[in-house]
Amino acid sequence: MNSDPIYIFRKTWGTYQKVIRHNLMFHREITEAARRLLKSRPGPLNVIDLGCGDAAHIGKILEPGQVAEYCGCDLSPYALDVARNNLIPFGIRVNLLCRDMIAVLKEAPENHFDLVYSGYALHHLPIEAKQAFFTESRRILRENGCVILVDVMREEGNSRPEYLDNYNGAVATQWLALTPDERDQVQEHIRNCDFPETPGILQSLAENAGLNQCRRLEKRTWHEAWCYQKQD
Ligand SMILES: C[S@@+](CC[C@H](N)C(=O)[O-])C[C@H]1O[C@@H](n2cnc3c(N)ncnc32)[C@H](O)[C@@H]1O
């Protein structure tokens, strides 16, 4: 087995790109919902993107003139290399950090960002870190700023084992655009790394942090987009 991190990144990232190309995680509808919301905020906006990966989604939800400052963080240095290229059309100085998102949030300046965005990354974190995500986001948001969270979420009343059975069942029967080997790779990743919450639990965490206006922007099976902000 090849254990070279660049090889592993290319292999898993290649599978993720295939998932996106075939819209298996509904990136198309989800990014469109985020784009619609952000159209009403011409900016220019200070944006922080947590678990940004290759940042390809940023070009789909924001116009170049809409961004004043972009800070992205991810644990993968290889993804950040791709992100650096994908962000060139924005023509702004970008700050890409290869660090854990909660550590980055804790050090971010107070009252500075208009948008905290996170796509398909928060479900990897334990519940305490998810609470810290909302608490710190609220601290770094400017007046009228918002959190857009895109993530997989359990159905209300479903346990994690039920979620895993249902999601992996759908991968087995509906993700036929992937090869059997790629489907196995995805299912193993889900079994080991997915700890999704229900929308209700996430809403409680957001409300605990003072983000008391919570609304769903899109839902396609377990794939959801939510906007959280503070309303006096
Ligand atoms: C499925 S990808 C999503 C990438 C991109 N946000 C998108 O929407 O397409 C999840 C990303 O989250 C990153 N990630 C996972 N846990 C993280 C953490 N604790 N801090 C920062 N990044 C993390 C992974 O390295 C990976 O690039």
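The values are calculated or read from the model by the stated rules, or taken from the named source; none is laboratory data. All values reported here derive from a predicted model rather than from experimental measurement. Positions of Cβ are backbone-derived with ideal geometry, glycine not excepted, and every protein chain shown enters the neighbour counts.
Any residue that is within 13 Å of the ligand (Cβ to nearest atom), assigned to a loop (DSSP other than H, G, I, E, B) and not charged (D, E, K, R) - is there at least one of those in the range 148-155? Working first, answer last.
Applying the first criterion (within 13 Å of the ligand (Cβ to nearest atom)) to the range 148-155 yields 148-152.
So of that shortlist, the ones also assigned to a loop (DSSP other than H, G, I, E, B) come out as none.
So far as the range 148-155 goes, no, none of its residues is within 13 Å of the ligand (Cβ to nearest atom), assigned to a loop (DSSP other than H, G, I, E, B) and not charged (D, E, K, R).
Yes/no matrix, rows are residues, columns are (1) surrounded by fewer than 21 Cβ atoms within 10 Å (Cβ to Cβ); (2) near the ligand (Cβ under 9 Å from one of its atoms); (3) modelled with pLDDT under 95:
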position: 22; (1), (2), (3): yes, no, no
position: 29; (1), (2), (3): yes, no, no
position: 39; (1), (2), (3): yes, no, yes
position: 103; (1), (2), (3): yes, yes, no
position: 110; (1), (2), (3): yes, no, no
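Which of the residues belonging to the range 96-135 are aliphatic (A, V, I, L, M), in contact with a strand residue (DSSP E or B) (Cβ under 9 Å, 6 or more places away or on another chain) and outside any helix (DSSP H, G or I)? Can you show your working first?
Taking the range 96-135 and keeping what is aliphatic (A, V, I, L, M), we get 96-97, 101-105, 108, 115-116, 121-122, 125, 127, 129, 132.
Applying the additional criterion that residues be in contact with a strand residue (DSSP E or B) (Cβ under 9 Å, 6 or more places away or on another chain) yields 96-97, 101-105, 108, 115-116, 121-122.
The answer is 96, 97, 108, 115, 116, 121.
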Worksheet item: For the range 4-29, how many residues are in contact (Cβ under 8 Å) with a residue 40 or more places away in the chain and not in a helix (DSSP H, G or I)?
Response: 4
Worksheet item: In the range 93-114, which residues are of a type in the set (A, V, I, L, M, F, W, C) and in contact with a helix residue (DSSP H, G or I) (Cβ under 8 Å, 6 or more places away or on another chain)?
Response: 94, 96, 97, 98, 101, 102, 105, 108, 113
Practice prompt. Starting from residues that are of a type in the set (A, V, I, L, M) and surrounded by 15 or more Cβ atoms within 10 Å (Cβ to Cβ), keep the ones in the range 155-185 and report whichever is nearest to residue 16 (Cα to Cα).
Written response: 178
Worksheet item: Does the range 46-53 contain at least one residue that is more than 12 Å from the ligand (Cβ to nearest atom) and touching a residue at least 60 places away in the same chain (Cβ under 8 Å)?
Response: yes
Worksheet entry | For residue 95: the one exception among (1) surrounded by 14 or more Cβ atoms within 10 Å (Cβ to Cβ); (2) among the polar types (S, T, N, Q); (3) more than 10 Å from the ligand (Cβ to nearest atom) | (1)
Practice prompt. Could you grab the pairs with beta carbons closer than 8 Å, sequence gap of 6+ or different chains, first residue in the range 63-77 and under 20 Å from residue 142 (Cα atoms), second one at pLDDT below 95 and of a type in the set (D, E, K, R)?
Written response: 66/41; 69/93
Discussion item. I'm trying to understand the selection: among the residues of the range 172-200, which are touching a residue at least 60 places away in the same chain (Cβ under 8 Å) and either of a type in the set (A, V, I, L, M, F, W, C) or assigned to a helix (DSSP H, G or I) (or both)?
Written reply: 174, 175, 177, 178, 182, 185, 186, 189, 193, 195
Fill in: Set 224, 188: member being surrounded by fewer than 19 Cβ atoms within 10 Å (Cβ to Cβ) and charged (D, E, K, R)
188
